[in-house]
Amino acid sequence: MAKTIQQLNIGLLGGGQLGRMMIQSAINLNLQISVLDPDKNAPCRHLVKKFVQGDLTDYDAVYEFGKDKDLITIEIENVNVEALKALEKEGKKVFPQPHLIEMIKDKGTQKMFYQRNDIQSPDFFLIEQKSQITKYADFFPFFQKMRTGGYDGKGVVKLVNPHHLEKAFEVPSVLERLVDFEKELSVVVARSESGEMKCFPVVECEFNPEANLVEFLFSPANIKKSVEKEALAIAMQVAEKTGIVGLLAVELFLTKEGKVLVNEIAPRPHNSGHHTIEANVTSQFEQHLRAILNLPLGDTAIVRAGVMVNLLGDFGHEGPAVYEGLEDVLKFSGVYVHLYGKANTKPFRKMGHATIVDEDILKAKQKARLVKSTLKIIS
């Protein structure tokens with residue numbers, strides 16, 4: 001007799017904020033989640049019955065953790081793929097699939113995937129070492145992206161002149177041609193084991209220029225219907241071509257000429273979907289669980305306009321986190337604060353997020369900027 005979803009032993013690789021919010025959704029379905037994370041004080045530690053401290057990139061740690069699980073999923077791509085492949089061969093369900101994690105975590109193979117499948121993306125070159133950059137002097141400026149290991153704006157540097165490469169990385173990299181874009185967009189799409197697919201509405205991202213990570217997110221995006229239609233179609237195309245089971249975040253550029261290009265993809269819940277907890281009928285975290293459990297996918301419709309603001313550690317502060325102004329922002333109507341349970345702050349570290357919902361997106365934006373200026377994370 002097949003197990004019910006409540007009887008499944010589900011393993012989660014990674015115990016950070018994404019895992020924390022996924023577990024909060026899992027609790028509503030009485031799911032049994034175990035977590036593996038290298039940090040003994042990981043945000044997920046006290047939310048699960050079984051927490052294992054271990055290196056996510058170590059074959060033995062991942063294999064030993066997974067061998068008694070029925071289903072394994074991730075909240076981070078930097079995991080030992082070979083261990084997941086071995087578990088998959090032994091009959092464990094691993095979603096997203098290990099070969100997709102392997103492809104996506106390497107920005108070079110990711111770019112080649114777009115090329116093979118006629119998915120529009122910025123032009124690029126692959127290099128093995130820094131000295132090769134000068135070969136492409138006629139094509140500057142570039143963003144140099146480390147093929148592996150980069151996250152949250154780290155591992156990316158802007159190169160504007162072939163004669164000034166002091167900041168360039170001495171590692172295998174992607175050189176991506178600079179795109180003159182009007183907006184950065186994102187679509188979170190879910191695909192279940194049965195092949196059912198649903199997209200969340202397109203969102204618009206505003207980046208912190210210093211930290212090179214998302215500071216604000218606006219839902220719905222302020223774009224033409226034709227652009228919205230194209231962005232959703234591209235997200236569905238990428239999900240279909242990969243055959244992913246789970247969530248896929250598709251980050252996009254809208255160029256000044258009106259073209260939609262794929263920037264990068266992430267095979268998991270994503271920062272650009274946090275607002276869905278309050279602003280949409282189904283949250284991205286519940287949708288991920290529905291997808292990997294092959295349950296009917298939830299309604300992704302917007303309930304109210306939403307703005308998400310990432311709560312980052314303040315510049316010049318490092319140490320035990322203090323949330324200055326928290327009581328003040330909680331007085332505002334429609335403001336939902338999510339703190340991630342991280343004991344220590346440092347500059348630009350993601351310590352939480354706030355979602356602001358309103359019937360009017362302009363009012364939500366005004367309130368979000370007030371939240372940003374009022375709530376400070378210091379030490």
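The values are calculated or read from the model by the stated rules, or taken from the named source; none is laboratory data. Remember, predicted model here, so these are calculated numbers, not experimental data. When we count neighbours, we look across all protein chains shown, and the Cβ atoms used for this are built from the backbone with ideal geometry, even at glycine. For accessibility, only protein heavy atoms count, side chains too; no ligands or nucleic acids. Shrake-Rupley method; radii C 1.70, N 1.55, O 1.52, S 1.80 Å.
Return a yes/no flag: does region 133-145 have any residue that is surrounded by fewer than 20 Cβ atoms within 10 Å (Cβ to Cβ) and β-branched (Val, Ile, Thr). Give the steps one after another, and end with the answer.
So the first thing to find is which residues in region 133-145 are surrounded by fewer than 20 Cβ atoms within 10 Å (Cβ to Cβ), and the list is 134-141, 143.
Filter again for β-branched (Val, Ile, Thr), leaving 134.
The answer is yes, given that some residue of region 133-145 is surrounded by fewer than 20 Cβ atoms within 10 Å (Cβ to Cβ) and β-branched (Val, Ile, Thr).
When you go through Arg268, Arg304, Arg290 one by one, which is the residue that is within 18 Å of Leu232 (Cα to Cα) and open to solvent by 20 Å² or more (accessible area, probe 1.4 Å)?
On the way: Arg304 fails: within 18 Å of Leu232 (Cα to Cα); Arg290 fails: within 18 Å of Leu232 (Cα to Cα).
Exactly one of Arg268, Arg304, Arg290 is within 18 Å of Leu232 (Cα to Cα) and open to solvent by 20 Å² or more (accessible area, probe 1.4 Å), namely Arg268.
Quick grid of which residues meet (1) in contact with a Phe, Trp or Tyr (Cβ under 7 Å, 6 or more places away or on another chain); (2) closer than 30 Å to Gly258 by Cβ:
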residue	(1), (2)
Asn30	no, no
Val35	yes, no
Val48	no, no
Asp58	no, no
Glu75	no, no
Val81	no, no
Glu102	no, no
Ser121	yes, yes
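Return the total of residues in region 230-274 being in a helix (DSSP H, G or I), small (Gly, Ala, Ser) and within 19 Å of Asn117 (Cα to Cα). Please lay out each step first, then the result.
Applying the first criterion (in a helix (DSSP H, G or I)) to region 230-274 yields 230-242, 271-273.
When the remaining residues are screened for being small (Gly, Ala, Ser), the result is 231, 233, 235, 239, 272-273.
Filter once more, keeping what is within 19 Å of Asn117 (Cα to Cα): 231, 233, 235, 239.
Final tally of qualifying residues: 4.
Taking region 346-359 on its own, how many of its residues are of a type in the set (D, E, K, R), farther than 15 Å from Glu278 by Cα and open to solvent by 30 Å² or more (accessible area, probe 1.4 Å)?
Looking only at that region, the number is 2.
Yes or no: region 79-102 includes at least one residue that is of a type outside the set (A, V, I, L, M), touching a residue at least 24 places away in the same chain (Cβ under 8 Å) and within 23 Å of Phe207 (Cα to Cα).
Quick first cut of region 79-102, residues of a type outside the set (A, V, I, L, M) only: 80, 82, 85, 88-93, 95-99, 102.
Okay, now just the ones that are also touching a residue at least 24 places away in the same chain (Cβ under 8 Å), so 80, 92-93, 95-97.
Still in the running and within 23 Å of Phe207 (Cα to Cα): none.
No, there is no match, as no residue in region 79-102 is of a type outside the set (A, V, I, L, M), touching a residue at least 24 places away in the same chain (Cβ under 8 Å) and within 23 Å of Phe207 (Cα to Cα).
Please name all residue pairs, on different chains or six or more residues apart, with Cβ atoms under 7 Å, provided the first residue is in region 270-295 and is farther than 17 Å from Glu251 by Cα and touching a residue at least 60 places away in the same chain (Cβ under 8 Å) and the second residue is outside any loop (DSSP other than H, G, I, E, B) and of a type in the set (Lys, Arg).
Partner pairs satisfying both residue conditions: Ala291/Arg191.
Which ranges mark the helices (runs of 4 or more DSSP H) fully within region 1-96 that have 1 or more residues being farther than 21 Å from Gly273 by Cβ and not hydrophobic (A, V, I, L, M, F, W, C)? Walk me through how you get there before you give the answer.
Working: elements: 17-28, 59-66, 81-89.
Output list reads 59-66, 81-89.
Got at least one residue in region 256-263 being at pLDDT below 95, open to solvent by less than 30 Å² (accessible area, probe 1.4 Å), closer than 25 Å to Phe143 by Cα and aliphatic (A, V, I, L, M)?
Within region 256-263, not a single residue is at pLDDT below 95, open to solvent by less than 30 Å² (accessible area, probe 1.4 Å), closer than 25 Å to Phe143 by Cα and aliphatic (A, V, I, L, M).
So which residues in region 33-66 are touching a residue at least 24 places away in the same chain (Cβ under 8 Å), more than 23 Å from the chain's Cα centre (by Cα) and surrounded by fewer than 16 Cβ atoms within 10 Å (Cβ to Cβ)?
Matches in region 33-66: Tyr59 only.
Consider Ile119 against the criteria (1) over 22 Å from the mean Cα position of the chain (by Cα); (2) open to solvent by less than 20 Å² (accessible area, probe 1.4 Å): it satisfies all of them except one. Which criterion is unmet?
Here Ile119 meets the rest and fails (1).
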